[in-house]
Amino acid sequence: MKILFFGKLRDAFGSELEVPLADSLSVADLRHRLIADFPEGGEALLDQRVRAYVGASLVSDIHKVAAGDEVGFLSPVSGG
């Protein structure tokens, strides 16, 4: 599974990861797996404003993802 990170999440994870996945899991489970694998900075994924997408669609944390999916995490945008 390809996982892309945008905004401040790139600082913790880089821009892209390939993660082997045997079974489908929810986006919430994927978040927790990434937090366990990247304890330094991974907690940024717990922010409720971080949105996930699969393919070209924004999805909720209960959405199931599978091997071969492209998942992205978008950090909140700030500006002034």
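Restricting to DSSP H runs of at least four residues, report the calculated mean residue ellipticity at 222 nm for the chain, -39500 (n - 2.57) per run over all residues, nearest 500 deg cm²/dmol.
Mean residue ellipticity, 222 nm, calculated: -5500 deg cm²/dmol.
State, to one decimal in nm, how far the label point of residue 56 lies from the label point of residue 10, with both points 7 Å from Cα in the Cβ direction.
So the two model labels end up 2.3 nm from each other.
What's the local net charge at residue 42, with K and R +1, D and E -1, over the other residues with C-beta under 15 Å away?
Values: positive: 8, 10, 31, 33; negative: 11, 29, 37, 40, 43, 47.
It works out to a net charge of -2.
Pairs of alpha-carbon atoms within less than 8 angstrom and 6+ residues apart define the contacts here; what relative contact order does the chain have, in percent?
Computed over the chain, the figure is 43 percent.
Once phi is turned into ³J(HN,Hα) by the Karplus curve 6.51 cos²θ - 1.76 cosθ + 1.60 with θ = phi - 60°, what whole-Hz value does each residue of the stretch 14-26 show in order, with x for glycine and proline?
Working through the residues one at a time gives x, 7, 7, 10, 10, 10, x, 9, 8, 10, 6, 8, 7 Hz.
For residue 26 and residue 46, compute 0.36 nm times the residue count separating them, minus their Cα-Cα distance, and round to one decimal in nm.
Going from the current span to full extension adds 5.8 nm.
List every residue whose amide H lies under 5 Å from the amide H of residue 8, counting only residues 5 or more places away in sequence or on a different chain, with H placed 1.01 Å from N in the peptide plane.
75
Share of antiparallel DSSP beta bridges in the chain, in percent to the nearest 5? Don't jump to the answer; show the numbers that get you there.
Values: 12 of 17 bridges.
In the chain, approximately 70 percent of DSSP beta bridges are antiparallel ones.
Magnitude of the Cβ-charge dipole of the chain, K/R +1 and D/E -1, about the Cα centre, nearest 20 debye?
On the way: 8 positive and 12 negative charges, 53 e Å.
That gives the chain a dipole magnitude of about 260 debye.
Between residue 69 and residue 33, what is 0.36 nm times their sequence separation minus the Cα-Cα distance? Round to one decimal in nm.
Between residue 69 and residue 33, full extension yields 11.4 nm more.
Count neighbours as other Cβ atoms within 10 Å of each site's Cβ, and list the chymotrypsin sites (Phe, Trp or Tyr not before Pro) in the stretch 1-31 that are DSSP loop with at most 11 such neighbours.
Taking the stretch 1-31 and a limit of 11 other Cβ atoms within 10 Å, no loop chymotrypsin sites (Phe, Trp or Tyr not before Pro) are found.
Could you point to the label whose value was computed as Cα Rg over 2.2 N^0.38 Å for the structure here, given [x] 1.01; [y] 1.70; [z] 1.37?
[x]
Write out the trypsin sites (Lys or Arg not before Pro) in the chain meeting two conditions: DSSP loop, and at most 15 other Cβ atoms within 10 Å of their Cβ.
8, 49
Taken together, the values in this text are just the output of simple stated rules run on the coordinates, not laboratory data. Nothing here was measured: the structure is a model prediction, and the numbers come from that model. Reconstructed Cβ throughout: ideal geometry from the backbone, glycine too, with neighbour counts over all protein chains shown.
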